[in-house]
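The values are calculated or read from the model by the stated rules, or taken from the named source; none is laboratory data. The shown structure was predicted, so the numbers you read here are calculated from the model rather than taken from an experiment. These accessible areas exclude ligands, DNA and RNA; they are computed on the full protein's heavy atoms, side chains included. Shrake-Rupley method; radii C 1.70, N 1.55, O 1.52, S 1.80 Å.
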Amino acid sequence: MICPIHRNAQKSKRALALIDHKRSYTYQELDERIVFVQENLRRSGVNSGMRVAILAKNSLEYIVLILALW
């Protein structure tokens, strides 16, 4: 399954995807960040179907973590 974020990153690379009071991500930046987190999780031994706890403040990074695990 292709993630909707990845699909939007291919169509609208520079469109804003996430915004908070400190920073923002375009769809391309968000997609790159999600892939980076997914690769790090895989290298750490996390595989599909495994449960992962998230400890993070409400922020753009929290959203990135949730999307990376989706």
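Helix 60-69 and the long axis of the chain differ in direction by around 50°, with both axes built from C-alpha atoms.
Kirkwood hydrodynamic radius computed over the chain comes to 12.7 Å, based on all pairs of distinct alpha carbons.
Only Cα pairs under 8 Å and at least 6 apart count here; give the relative contact order of the chain as a rounded whole percent. Rounded, it is 28 percent for the chain.
For the chain, the share of accessible area belonging to carbon and sulfur comes to 53 percent (1.4 Å probe, ligands and nucleic acids excluded). In order along the stretch 20-31, phi translates into HN-Hα couplings of 9, 6, 9, 7, 8, 10, 7, 4, 5, 5, 4, 4 Hz, rounded to whole numbers, per the Karplus curve 6.51 cos²θ - 1.76 cosθ + 1.60 with θ = phi - 60° and x for Gly and Pro.
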